[in-house]
Each structure stands twice: as C-alpha cells, then as structure tokens.
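Everything below concerns the one structure shown next.
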Amino acid sequence: MSGPGPGAEPAPSGPGPGAEPAPSGPGPGAEPAPSGPGQAEASRSVPGPGAKPSRGGPLAGGPLAGVRVLELAGIGPGPFCAMLLADQGATVLRIDRPGAANPRPERELLSRGRQSAVLDLKHPRATDALLRLVDAADVLLEGFRPGVTERLGVGPDVCLRRNPRLVYARMTGWGQDGPLATAAGHDIGYIARAGALHGLGRAGGPPQFPANLLGDFGGGGMLLAYGICAALVERVTSGQGQVVDAAIVDGVASLLAMPLMFMAQGWWRDERGVNLLDGGVPWYDVYETADGKWMAVGALEPQFYAALLAGLGLTDVPARDDPQNWPELRALFSARFKDRTRDEWAAAFAGTDACVEPVLSLTEAAGDPHLTARQTYVTRDGMTQPSPAPRFSRTPGQLPGSAPAPGQHTTEALTAWGLTDAEDLVACGAAIQA
C-alpha cells in the first residue's frame, strides 16, 4: 500500500530519470509571489471549514498563499507533503515524467490542489526548462535516493547557485548520509530500525505495524512540511534558502521523544505491551463488544477511571494501584464490554468524562456526528477526503481542486511560471501537453 519508500528508485509516475522536485518558499521579506499555476484551481476550490468570505472576515488563499512549490513527482510522503502545502494555499506545480496516466486522476487524493506539467528529462532542453522553473520557485521538493537529482543536473548546488533563496527539500527514508543512505526501503523497515516498531503490539506477541502512517506520513511527509515552513521563516531573516534533509528515521525518532523520556525516568520498559500507553494497563486498551466490534478506553486519570467504572456499572473492583490486580481488572472489563454492542456502549458513555470511544472504520468515521459538524471529512469526486488541517482563523486553508492528469497544464503552467518558450518545448518533445 505504501509503494516504494523515500529513497527508492523514482516511481514510474514521477519525474524522468534523475529528476527532482523543486522546493519553493517566499524569500525573506519578499513581496507575495505573483499568482502562479494553481490559481485557476484555487478559484474553484471549496471553502474549508471555518472559511467565511464575508467582508472583514478571513482572507482567501490560506497562510501559504504566494509560495511557489516545484514538486518532482513521486509517491507517499512527498506528495503528502505537497498536499499539505497546497491545502494551505501554496501554488504547487508537479513535474511528471512521460508515461501511462491514471484513467481516474481525480482519485489521486495525495495530488490534489496542483497543476501538472510533463518534462522528459532525457531531453536536453527539459533539464534547462526545469532549472528555469527553479529560478521562479520558493521551494523544490524531491523524494529520490541521494545523488539522483545531482546526476540529472538539478541537484541542490546547481539550483541554489541559480536561486539562492530556494528551499531545497529532500525526502528520503534513511537520510542524505550514513551507511544506509542509498539503500532501498519502505515505511516498515524505517520504523523497525528507528526503534518504533519494537514497541508496538501485545506483550509476548510480534510487533504490529500501523500501516504506513507512522513512518511515511507522521515521520516523513509531515516532517518535511514542517522543515519547509521552518526554512521559509528563517529565510525572512537571512535572505537565503537552504537544503532541508528530511529522513523518515529522524522523524520517527522525534516521535519517540516521550517513550525515551519515560525510559530515562524509569517509567517505561523497553518492551511492548507492558507500559502505561501501549496496552500494558487494563484502563488504556481496546475491548471487544457483543457484536464483534471494539471500544477504546483511555481512562488514565482517577476521575476518568471513576467514570469508566460507573459507565460499566462496576462497583466492587480490586484496586488498580496494585499490578497484581491488573489481570483480574482486564478480565472484568472484557466480560462487561461483551454484554452490549459497540453502539450501545457508545451511547452509554456519551456525555461522560470516561474517555471511552467507539472504534470506527474509515467509512463510519466520515459519518460521525462530531466530525461531520467540523467537516473533518468531506466528499468530493465521489470519495471521502480530509479537509485542510490545521485551521487558521484569519487565513483559512481551502479544499483545493482535484488532482490533475499528468501534463494536463503543461503549456499553461510553464508559461505562467515564466517560460515563454513553452509551446516550443512541447513541439520539440522536451515537454508533453496531455
């Protein structure tokens, strides 16, 4: 499901051999960049939650409006990062490579909010065209193995010489240096070597991995988006761009700060399923219900634990302060939760502070009353997708346009980014208009 991880060879849908996405970001103190590709999409975008276009209300466009991002197409964390930037108003131009197109491009949710241009980087004029796009970019974003963009002639040294204000954002699994820098990998391997996978799962059982959410997205794409924004803020002071080396193993290590802190304090054992927040205690766990579904329990504090016992109708239970009582407590909770269905328990705990919630499927979550009220999930193109997050009071992000087909905007976008020879590039085969 995750596809080749960062650092894997470029995916067929990405830029041509050796191509790399270019990061973009406003220069220090620079005036907002002229509206670029993506503005047509933005004008058709659906206002996100909280967007109120009335006079005196939030400004349209999002907090990253005016930032130009050049994305060298890839998979997984890179496109997710670009999606986050586009959701908050950045103008993102995805550079695709020639190849078969998805017959339903609007289903490529991670690629929403972009325009797409195809450059055949095997063609000598295509590399020059890409470098001219770099001249107009704030951010270049790429997710190839170390050295690939350098071999294509669009590495950070070349790009930063042309555009010293450029934020050159690199997404890999292992990082730009180290013994494994050029090795292939996927999310499961990154979180395994970083130490996270070891701690996930039941005591005495095998490690359990959370799909590719922890590495590719939490420790990868989101980390890169944070790095880009930090570099753009720094540029306001220095006037200079820089390279952002975002490695999934580094991002996952950052996410492990609390377990590492607890270990240093003697509150956490380097084992899975035996600690406070990993299912080691009966009041922080999941329980099966009468209909084969599940409830999540997180009653850590005493007052929440009291509400849990009240909701379960349990009065005479052994003290939880003594670990010797935990097996009995877990058995009591397990038996009680199996007396009712998930939805019956959800109703029983509604309005309480027991910190007990139903475990919902993706389909169910999209229809949840709370998430519906917040428009956390919306439906577009016949599919459920998340609204832009986080939410800004004065410059809210907007749900951008659907993902484009590769090369859908080649001539239009190249022209908007200042390439006056866009039509000639298409005519000679360096660029392809879908």
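Any read-out appearing in this document is the output of simple, stated calculations on the displayed coordinates, not a laboratory observation. As the structure is a computational prediction, the values presented were derived from the model and not from experiment. Every residue, glycine among them, receives a Cβ derived from its backbone with ideal geometry; neighbour counts consider all protein chains shown.
Figure the gain on full extension for residue 326 and residue 104 (residue separation times 0.36 nm, minus the Cα-Cα span) and round it to one decimal in nm.
Length difference between fully extended and current span is 74.7 nm.
With the helix formula -39500 (n - 2.57) applied to DSSP H stretches of n ≥ 4, the chain reaches a computed 222 nm mean residue ellipticity of -8500 deg cm²/dmol.
Shown is the FRET efficiency for residue 423 and residue 361, computed with R0 = 41 Å from the Cβ-Cβ distance and rounded to the nearest 0.05: 0.25. Remark: the residue 240-residue 226 segment gains 3.3 nm on full extension, using 0.36 nm per residue and subtracting the alpha carbon distance. I'd like the orientation of helix 222-238 relative to the chain: the angle between its Cα long axis and the longest Cα principal axis, in ° from 0 to 90, rounded to 10. The helix 222-238 is inclined about 50 degrees to the chain. Annotation for residue 380 and residue 184: the two label points, set 7 Å from Cα along the Cα-Cβ direction, are 3.5 nm apart. Between the residues 208, 124, 354, the greatest Cα displacement towards the positive end of the dipole of the chain, with unit charges on the Cβ of Lys, Arg, Asp and Glu, is found for 124. With N the number of residues in the chain, Rg(Cα) / (2.2 N^0.38 Å) evaluates to 1.11. Over all pairs of different C-alpha atoms, the range 284-366 has a mean inverse distance whose reciprocal, the Kirkwood radius, equals 13.0 Å. What net charge is computed for the residues neighbouring residue 273, neighbours being all others with C-beta under 14 Å from the C-beta of residue 273, Lys and Arg scored +1, Asp and Glu -1? Value of the local net charge: 0.
Specify the angular offset, from 0 to 90 degrees and rounded to the nearest 10, of the alpha carbon long axis of helix 77-87 from the longest principal axis of the alpha carbons in the chain. Helix 77-87 sits at roughly 80 degrees to that axis.
Let a ≥ b ≥ c be the square roots of the eigenvalues of the Cα gyration tensor of the range 264-321; is it rounded (a/c under 1.5), or, if not, prolate (a/b larger than b/c) or oblate? It is oblate, given that a/c is not under 1.5 and a/b is not larger than b/c. Compute the angle between helix 124-135 and the longest alpha-carbon principal axis of the chain, please, reported from 0 to 90 degrees and rounded to the nearest 10. Here the helix axis deviates by roughly 70 degrees.
The antiparallel fraction among DSSP beta bridges confined to the chain stands at about 45%.
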